[in-house]
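The values are calculated or read from the model by the stated rules, or taken from the named source; none is laboratory data. These figures come from a predicted structure and were not determined experimentally. Quick reminder, even Gly has a Cβ in these numbers, built from the backbone with ideal geometry, and neighbours come from all protein chains shown. When the accessible area is computed, the model is the full protein with side chains, heavy atoms only, and any ligands, DNA or RNA have been set aside. Shrake-Rupley method; radii C 1.70, N 1.55, O 1.52, S 1.80 Å.
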Amino acid sequence: MSMPQQQPPYQANNPPSRPIFGPTPGFPAASGPFNSSSHGRNEMPPPPSVPFGPGGMGSAGGGGSRAALTAALKRPAIMPNSPAQTPQLMGGGQQQQRGPLSPANTSQQQPPKKKKKLSEKSLHPGIKQIVPESQAYMDLLAFEKKLDYTISRKRIEIQEALRKPQKIKKKLRIFVSHTFMPGKLDTDGGDGSFPMWELRVEGRLLEDLNKQTPQADASRPAPEPPKSRRKFSSFFRSLVIELDRGLYGPDNHLVEWHRSATTSETDGFQVKRIGEQNVKCVIMLMLEYTPPHYKLDMRLAKLLGTTVGTKANIFNHLWIYIKRNKLQDPEHPEWINLDNPLAIIFGVNRFRMQETAQRLQSLLYPPDPIVIHHLIT
């Protein structure tokens with residue numbers, strides 16, 4: 001069997017029969033200062049030489065070179081700026097191989113997953129018919145719902161108490177007294193006087209009344225001067241005394257005092273009138289709240305479980321009621337769908353959340369005053 005004869009590889013000392021560069025046969029050579037090579041190829045640097053011999057492209061074996069070339073072509077390309085493939089030098093001169101980037105090194109981290117709320121599980125009507133005791137489970141769910149509502153209210157009250165300064169409860173004792181001064185007749189050319197009565201409304205804190213003045217002792221140092229005592233009028237915003245209209249008429253039966261920016265505090269109020277008959281009077285004292293307090297409409301107060309409070313406190317109670325009964329529109333959260341009791345109170349079936357304060361304003365009233373009935377004899 002005849003084997004094909006392998007041609008010898010190209011050798012640098014064995015040029016081909018036709019020169020690669022130079023004049024083409026049949027054409028005259030170029031004349032002038034240039035060399036005989038065409039296009040001045042001799043002026044250019046020679047092309048890079050390819051190694052020949054064992055292991056090279058032109059070796060007789062050829063197998064190793066082809067395998068090396070194939071492996072080089074299959075090797076993945078290395079990006080010049082790839083941080084994963086760039087080696088780093090350690091302190092001792094060794095290279096530290098970097099593995100794949102960990103999730104902690106990535107600039108964009110996945111947001112934490114929200115905790116899902118457990119929805120209330122209601123029983124199927126068929127189960128209720130088969131198991132009559134399942135009603136106890138439904139009662140337990142209702143009790144849990146009511147307990148969550150109570151805990152939310154208490155949490156709000158505790159938060160408000162922590163934000164505000166500590167309060168100390170004290171008792172204010174109010175003294176209502178009157179004196180009668182009989183009139184004098186005009187005798188011996190002197191000036192007479194009409195019968196007159198005087199009504200006084202005073203008050204002090206109980207701790208001020210219980211304090212006893214210590215006796216002076218030469219051996220002991222002098223006691224510190226007492227702190228300024230809060231005056232009686234500072235506890236109230238207004239005072240109204242209503243007298244008998246039949247005796248003093250519709251224009252002179254009211255005595256009013258209202259706090260203003262220039263009001264000077266006092267320890268009591270006095271009212272004088274001419275008369276010698278028994279007079280029925282009603283004393284109404286409006287307390288001074290800081291911040292201002294309001295009284296809720298009776299229907300809304302029964303629904304929310306609070307009677308008097310600040311605007312923020314009343315708004316929080318209303319918001320808890322809305323969340324408890326799921327009145328917020330799921331598709332449009334800015335809208336509140338009122339249930340039957342709230343719809344009767346507000347007069348609408350739904351309104352925007354931004355309108356809550358405006359609609360709540362018409363249901364707020366001043367707190368009830370302290371009313372004292374007194375008879376002047």
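Numbers for the structure displayed
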| item | result |
| --- | --- |
| Val282, sole failed condition from (1) open to solvent by less than 40 Å² (accessible area, probe 1.4 Å); (2) over 22 Å from Leu172 (Cβ atoms); (3) outside any loop (DSSP other than H, G, I, E, B) | (2) |
| Complete set of residues in the range 249-267 that are in contact with a helix residue (DSSP H, G or I) (Cβ under 6 Å, 6 or more places away or on another chain) and closer than 28 Å to Gly183 by Cβ | His253 |
| Residue count for the range 243-262, restricted to those that are within 17 Å of Glu202 (Cα to Cα) and not basic (Lys, Arg) | 4 |
| Test: residue in the range 181-188 that is part of a strand (DSSP E or B) and either modelled with pLDDT of 80 or more or basic (Lys, Arg) (or both) | yes |
| Cross-chain or 6+ apart pairs with Cβ under 9 Å, the range 121-141 first and surrounded by 10 or more Cβ atoms within 10 Å (Cβ to Cβ), then in a loop (DSSP other than H, G, I, E, B) and of a type in the set (Asp, Glu) | Leu141/Glu120 |
| Residues of the range 189-206 classified as modelled with pLDDT of 60 or more and exposed (fewer than 10 other Cβ atoms within 10 Å of the Cβ), total | 2 |
| Residues (loosely packed, with under 13 Cβ neighbours inside 10 Å and over 17 Å from Leu375 (Cα atoms)) located in the range 251-266 | Asp251, Asn252, Glu256, His258, Ser260, Ala261, Thr262, Thr263, Ser264, Glu265 |
| Close pairs from the range 330-347: first farther than 14 Å from Leu304 by Cβ, partner surrounded by 14 or more Cβ atoms within 10 Å (Cβ to Cβ) and at pLDDT 95 or above, Cβ under 7 Å, at least 6 apart | none |
| Evaluation of Asn252 against (1) of a type outside the set (Ser, Thr, Tyr); (2) closer than 30 Å to Phe194 by Cα; (3) touching a residue at least 12 places away in the same chain (Cβ under 8 Å) (one fails), failing number | (3) |
| Ile320 being part of a helix (DSSP H, G or I), out of contact with any Gly (no Cβ under 8 Å at 6 or more places or on another chain) and surrounded by 14 or more Cβ atoms within 10 Å (Cβ to Cβ) | yes |
| Within the range 269-290, tally of residues that are out of contact with any helix residue (DSSP H, G or I) (no Cβ under 8 Å at 6 or more places or on another chain) and not aliphatic (A, V, I, L, M) | 8 |
| Only one of Leu243, Leu247, Leu304 that is modelled with pLDDT of 90 or more, more than 22 Å from Ile370 (Cα to Cα), surrounded by 14 or more Cβ atoms within 10 Å (Cβ to Cβ) and not small (Gly, Ala, Ser) | Leu304 |
| Residue count for the range 323-371, restricted to those that are assigned to a strand (DSSP E or B), open to solvent by 70 Å² or more (accessible area, probe 1.4 Å) and in contact with an Asp or Glu (Cβ under 9 Å, 6 or more places away or on another chain) | 3 |
